[in-house]
Structure formats: structure tokens, C-alpha cells
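First comes the structure, then the notes that go with it.
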Amino acid sequence: MAAVPPTALIPFPEKLTPLSGSFALGATTSIVAGAELRSQAELLRDQLRPASGFPLPITSSEKESRIALALDPSLASLGDEGYRLTAGAEGVAIRAPTPAGVLRGSQTLRQLLPPEIFRQAPVANASWTIPAVEIEDRPRFGWRGSHLDVGRHFMPKEFVLKHIDLLALHKFNVFHWHLTEDQGWRIEIKKYPKLTAVGAFRKDSMTAPRTKDPALRKFSGQPHGGFYTQDDVREVVRYAADRGITVLPEIEMPGHAMAAIAAYPELGNTGKPIEVLTYWGITDHVLGVTDNVLRFFEDVFDEVLELFPSKFIHVGGDECPKTEWRQTPAAQERMKKEGLKNEDELQSWFIRHFDTWLAKRGRRLVGWDEILEGGLAPGATVMSWRGEEGGIAAAKAGHDVVMAPNKPTYMDYSQTELPTEPPGIGNHNSLEAVYAYQPVP
């Protein structure tokens, strides 16, 4: 059996030692697992059954042909998500210090099989063999996230679940779910039903090419909308958790909030009705800074925290123009009352309020690197997207940082040859470039 090519496993494991021989998955193969790994064994069985057609019963005793899953405290040095996988003629053994590690090893097992294993119907005459190998692996980074913006373009729940399946296959552990935007509010909030009744729908959508000139904008002529019920959210969160993935919700504030303001105009600075945004970019319409706005979003977060067990909660904080605040008496009065020098400090005050509010409830705030401007909230984690400088500055100040600079890591950049790729926001960016990115210069 040939050695495992580097392209067969993504990401490629830390250590891989080829051995002689192979293991053949067959009709008599069983999955051996104790009660503590029952759910992980059921997931692996359900992933291997459709294409192979094999029953793969789960047993507590070893058989001749087996896939054995086990917790092994002696492998603690591999960390919470590390594992050791050994494949030989009699079977495959996946051992890890935690259930999360067993999940990661199970995904490696799937990648070692022929690619037809990912089909959802039996594949005739397939040879379900795995090369004999010993793999020891652990993640390079503790936070391996994927950001999906459903605010600008709504993605049905089924699409989100498929996205989570792909994240699990590639051993990601955070699903960053961008749920609110200028162009749409996508999460049901029972106390404020107009957030979805109004804010989840827009009358049109701008099409390519992207332009800031209103006279040159082109539109599809079709309305767009949709949202997730709270039951949908619970399903997504549970589905992700079963695959070792934490769902990080993003509720944008104080900018990128036009959908919320369209639903409740009193959240803005003018009080005048506006519509959910139909084009892409940045607008001057941002949240007001009154006590009523703070209470409104505290109510929103009360429901968000009930739905998402994630320790971290993302509040956006990016691309917030200060034009309306400079022109609004209430915002200027807030600056005077709080002793703030300028509107950048006013945004920092706004973010600090929710940093404190979340901390009292055992959660931690995450924001894009603009939250550095005007002073960083004490407990905030910075997600650095405009480059690495903001992340480095935050780390030097003692804050946790998630590096997500757009050019190396944004997947809305073209992934194939430009002439054959649909128009995207950014420029060419290969998958290899994403995986090769080093967050520390």
C-alpha cells in the first residue's frame, strides 16, 4: 500500500509514520467504544454507513475487524484535541485524552478512506481500505474558526449544518456565525419580533460590480430575506457541539445595525424611519448611545446567552462612522456626561458597557480590531482583521487575540484561477496560503 500523500489529509498531521499493510473496512467490522464515547462512536458510524453500506455495530468488546475508540489519560501531553491513530491489518485504534481528540481522530480516519466514503448512498464495488499508518496529531492553534456572514446573504439552516460538517472534517473548532448586519437581522428575538418581521427582509440586493457610486449601482430586482428561529439556533448549536465545534454568535454594534434600526427607528440617532440596506459598504446610520438603546441590546443578549453556551460573544464593533454622533445632541450629551474626549472614546465607552455586562454573566466579549480605537475594554478579545498590527498591539497590552487578517485568511477572496472564479470582494487567495499563514510574524 502506498504511503499517504500530503494532499490526502487536511490539515496534514504533526507526525505520520507509514507501516506495512492495510486495513479493510468490511461487513463484519464493528466500532468498539465504551459508554463515555457512545455519541462519538454513533457519529462515526453514521458517517461511514451511507457509502459503505456496512452496519458497523457499536460494541464494548473487541472483534477481529474493528475500529476502536478509547480515552487514554497517558496522552495528556497532546492537549484537549490531540489524538493517536494506528491502523493495521486487524483494525484501527483511535486514542485520545478527551472525547474532542477522538472526534479529531475520527475525521482523520474518514480522510484516509477513499473519497467515495463521503457519498450519501452505497457505492458499488468500492475497496474500503486504509493504509497501515501511525499518526500522532495535535492542533497548531487553540482557536481554529470559520466566519460565515448570513447577514448580507441568508443561508438556510441546512446549508449551515453542511458548513459545520465541513468544519468538523477539517478539524475547525469555532463556527463564527455573523447573524446581524445592515442588510439583514437573522436571529429571532422573542421580546422584539420586528427585528425579524422587518429587519430580516430587504427589497433588493446590489449585484456586481461593487461600487460606492450610487449612480453606478446595479440591483437584482429581487427581494431577499430569511431568519433562524430560536429552535433553529438550538439545533445548529447542538449539531456543532456533537462535532466538537463551539458556535460564536456575532451581534453587530454600534455600526452595521441598519436592519435593527429599520425595525425600531428609536434605536438610531435621528428617530426617522429607514429601510434595510440593499447595497454593500458602510453607512452613517449607527446605533444611538442612549440608555434605551443599551437596555434594548441587553434584552437581546439575554436571549442570545440562553441560546449560545459559548464563553465568547462577538459584538462586531467594526466600521462605525461617527457622523451621526457628531450631529446628535443626545450623543454629545453622553460624551459630556461620561467625560469623553471624542467620538472614538464614545464607541469605546459603548463597547466597555457590554464588556462589563457580559463579564457579570460569565461571558467574554470579542470585537473586530476597531474596538482598539478610543481605548480597549478591559476584558475584550480582539479579532484582528485589518492586518496584524491591531492584534499585536492588543496582545502586548495583555489581551487575547484572534488573528484573522483579510488577505491571508478571508475565504471570500478568489480560491481558483481568476478568469474562472465568480466575482468576489477581494483578490486571489489560495487554500494553501490560508493554511500556511503564520499569525505571529
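Positive end of the dipole of the chain, charges at C-beta (+1 Lys, Arg; -1 Asp, Glu), about the Cα centre: which of Q120, W357, V160 has its Cα farthest in that direction? Among Q120, W357, V160, the one farthest towards the positive end of the dipole of the chain is Q120. Solvent-accessible surface of the chain, taken per residue with a 1.4 Å probe and all protein chains present: 46 Å². Alpha carbon centre of region 123-151 versus region 200-274: separation in Å? Cα centres, region 123-151 to region 200-274: 31 Å. For the peptides 202-215, 166-179, 222-235, the ranking by packing is 166-179, 222-235, 202-215, with the highest mean count of neighbouring Cβ atoms within 10 Å listed first.
Distance between the 7 Å Cα→Cβ label points at K203 and L305: 3.9 nm. Taking a ≥ b ≥ c as the square roots of the Cα gyration tensor eigenvalues, region 34-180 comes out oblate, since a/c reaches at least 1.5 and a/b does not exceed b/c. A viscosity of 1.002 mPa s and a temperature of 20 °C, combined with the Kirkwood radius over C-alpha pairs in the Stokes-Einstein formula, give the chain a diffusion coefficient of 90 µm²/s.
Leaving out ligands, DNA and RNA, and with a 1.4 Å probe, what % of the accessible surface on region 128-215 is carbon or sulfur? Carbon plus sulfur share of accessible area: 61 percent. The apolar share of the surface of region 224-352, taken as the fraction of accessible area on carbon and sulfur atoms (1.4 Å probe, ligands and nucleic acids excluded), comes to 47 percent. Within the listed set A96, A240, A126, the residue fluctuating most in the Gaussian network model of the chain (springs between alpha-carbon atoms under 10 angstrom) is A126. Other residues within the sphere of radius under 11 Å centred on the Cβ of K15, judged by their own Cβ, net out at -2 (K and R +1, D and E -1). Beta bridges from DSSP with both residues in the chain: antiparallel share about 40 percent, rounded to the nearest 5.
As a length-normalised measure over Cα pairs under 8 Å and 6 or more apart, the relative contact order of region 85-169 settles at 32 percent. For region 7-159, the share of DSSP beta bridges that are antiparallel, to the nearest 5, is 60%. Dipole magnitude for region 113-243: computed about the Cα centre from +1 point charges on Lys and Arg Cβ and -1 point charges on Asp and Glu Cβ, it is near 600 debye. Across region 265-354, Cα-Cα pairs farther apart than 18 Å form 50% of the total. Ranked by the mean number of other Cβ atoms within 10 Å per residue, highest first, peptides 59-72, 365-378 order as 365-378, 59-72. Comparing T108, T29, T246 in a Gaussian network model of the chain, where Cα atoms under 10 Å apart are tied by springs, the biggest mean-square fluctuation is seen for T29. Anisotropy class assigned to region 110-173 is oblate, per the alpha carbon gyration tensor with a/c at or over the 1.5 cut-off and a/b no larger than b/c.
The values are calculated or read from the model by the stated rules, or taken from the named source; none is laboratory data. Just so it is clear, the structure is predicted and the values come from calculations on it, not from any experiment. Note: ideal-geometry Cβ built from the backbone for every residue, glycine included; neighbour counts use all protein chains shown. For accessibility, only protein heavy atoms count, side chains too; no ligands or nucleic acids. Shrake-Rupley method; radii C 1.70, N 1.55, O 1.52, S 1.80 Å.
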